[in-house]
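The values are calculated or read from the model by the stated rules, or taken from the named source; none is laboratory data. All values derive from a computational prediction rather than experimental measurement. Neighbour counts run over all protein chains shown; Cβ positions are idealised from the backbone, glycine included. Keep in mind that these areas ignore ligands, DNA and RNA; they rest on the heavy atoms of the full protein, side chains included. Shrake-Rupley method; radii C 1.70, N 1.55, O 1.52, S 1.80 Å.
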Amino acid sequence: MGEITRRGLTVTAAGLLAATAVPAAAAAAPATDGPPQEAADARAAARPPRAPGRRHQFRGMWLATVANRDWPSKPGLPAGQQRRELLALLDSAVKRRLNAVVFQVRPTADALWPSPYEPWTEYLTGRQGRNPGWDPLGVAVREAHERGLELHAWFNPYRVANHTDRSRLVPGHPARRHPEWVVPYGGKLYYNPGLPRVRHFVQDAMLDAVARYDVDAVHWDDYFYPYPVAGQKFNDDAAYARYGKGFPDRAAWRRNNIDRLVLETAQRLRKLKKGRVRFGISPFAIWRNKATDPRGSDTRAGVQTYDDLYADTRKWVREGWIDYIVPQVYWNIGFPVADYAKVVPWWARTVRGTDVDLYIGEALYKAGAQGQPAPWQDPAELSRHLTFDRDFPEVRGNVYFSAKEVAEDRIGAMARVVADHYPGRVRPPH
């Protein structure tokens, strides 16, 4: 998988797990920048447990469009061929007895629908801003629903481009009209999460699709502040000087910026759709290591979302700001520094007592892939994950990365999951 895909960076981060074990902090940082976490925990613990509802199960697949990862197979194809390829992937989801597709519709500050805010994505035509001659999101929603599939619209809030040359963006692109919004980092361009105008703009751009189409959910992945790049600084000095007063440090301010993005989006989404459209997030699976924070997971991750991406994923669950969470538990059972059998129970405990559904992100792309360790060469590894999950009623489903592997199924790992766990189609839980 390529470096510039969403999961490519997750793989890079996962590599840091083995390379860099994070030492215990001399004094663990406080876990929130807003209301005391203990109060949120007390509220969550007071709620009665929900029945597991095993007759309803979320079975999803991500369908990535960035860099033409899953679809279309290459840019510039005729509209009819793009459409046929898209429908074939939806049909593969039905064949595997899945019930949801998480469709990437805003991969790099662009759009797979006629957006008034941002240009058409280059991954359709090969040229950013060029009309592809059809409406991929509209077709995807309609065709998914006709097949009994939910369509979750997957947005990336802050990534602008997989390069740092603003002149390559279409004239009139918001990042060209507002260069002060943009930070180059790690060979890519990002909108600056510390600017209130940026935060409001990306919400407007994303919610335009929700207002126009009958999507079932808004979905974000693991990109908030970018993954750390050694020797480089994310230069938000000016924004911090202007907006960071009252925070103990820059990290607390950055976490607050992401908290506000999550909370404001949730509030606007519920006002816009009156609870009919859900809000889900798929983070890197390690909130914090236990050595850093006693509430963290029994892992030795070199990346922690709280400390490195400034994403307090645990808080979003405990506060009930989101409807579902899909941690990317992309490691095999027994993986020394991040064991699937330790990470999943941590997430089960985290959602317990809340109204947030837990689905587990599964690394189907690793099954049979060259260079992956022995467990991933065994077609039964993923099936064992779902068998393990049965012991945790909080786990209400699984999501597979990604659509191309669902269709191709390199060593039969997906077929094994279907044979062992999906005897028939079921509805997602709600």
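Looking only at the range 191-199, decide whether some residue is more than 24 Å from K271 (Cβ to Cβ) and touching a residue at least 24 places away in the same chain (Cβ under 8 Å). Yes, because at least one residue in the range 191-199 is more than 24 Å from K271 (Cβ to Cβ) and touching a residue at least 24 places away in the same chain (Cβ under 8 Å). Within the range 146-167, residues that are of a type in the set (F, W, Y) reach partners that are open to solvent by 10 Å² or more (accessible area, probe 1.4 Å) and not in a loop (DSSP other than H, G, I, E, B) with beta carbons closer than 9 Å, at six or more positions or on different chains, in the pairs Y158/Y190.
For D237, the conditions (1) acidic (D, E); (2) more than 28 Å from A100 (Cα to Cα); (3) buried (at least 18 other Cβ atoms within 10 Å of the Cβ) all hold with the exception of (3). Restricting the search to helices (runs of 4 or more DSSP H) fully inside the range 109-183 and requiring at least 3 residues that are open to solvent by 20 Å² or more (accessible area, probe 1.4 Å) gives 122-125, 136-146. So which of V303, V317, V326 ends up being touching a Gly at 6+ places or on another chain (Cβ under 6 Å) and aliphatic (A, V, I, L, M)? Criteria check complete, one pass: V326. Considering the range 90-108, the residues that are more than 24 Å from P78 (Cβ to Cβ) and not aliphatic (A, V, I, L, M) include one that is least open to solvent (accessible area, probe 1.4 Å), namely N99. Scanning the range 353-362 for residues that are part of a loop (DSSP other than H, G, I, E, B) and under 18 Å from the mean Cα position of the chain (by Cα) returns a single hit, V356.
Here L87 passes the criteria (1) touching a Leu at 6+ places or on another chain (Cβ under 9 Å); (2) closer than 30 Å to H56 by Cα; (3) of a type outside the set (D, E, K, R) except the one numbered (1). Could you check the range 189-208 and list, in sequence order, the residues that are part of a helix (DSSP H, G or I) and either of a type in the set (S, T, N, Q) or surrounded by fewer than 22 Cβ atoms within 10 Å (Cβ to Cβ) (or both)? Selection gives P196, R197, R199, H200, F201, Q203, D204, A205, L207, D208. May I ask you to list the residues in the range 338-352 that are crowded, with 19+ Cβ neighbours inside 10 Å and in a loop (DSSP other than H, G, I, E, B)? Hit for the range 338-352 is A338, nothing else. Taking the criterion of being of a type in the set (K, R) and surrounded by fewer than 24 Cβ atoms within 10 Å (Cβ to Cβ), the residues of the range 282-306 that qualify are K290, R295, R300.
Scanning the range 408-430 for residues that are open to solvent by 50 Å² or more (accessible area, probe 1.4 Å) and among the small types (G, A, S) yields a single hit, A419.
Tell me which residues, restricted to the range 215-234, are open to solvent by 40 Å² or more (accessible area, probe 1.4 Å) and under 16 Å from G194 (Cα atoms). K233, the sole residue that qualifies. When the range 297-344 is filtered for residues that are among the β-branched types (V, I, T) and closer than 28 Å to P379 by Cα, the ones remaining, listed by number, are T299, I325, V326, V329, I333, V337, V343, V344.
Those helices (runs of 4 or more DSSP H) of the range 220-333 in which 2 or more residues are in contact with a Ser or Thr (Cβ under 6 Å, 6 or more places away or on another chain) and free of Cβ contacts under 8 Å to residues at least 60 places away in the same chain occupy 313-318. Within the range 188-243, the set of residues being under 20 Å from G280 (Cβ atoms) and among the hydrophobic types (A, V, I, L, M, F, W, C) comprises V202, A205, M206, L207, A209, V210, A211, V215, A217, V218, W220, F224.
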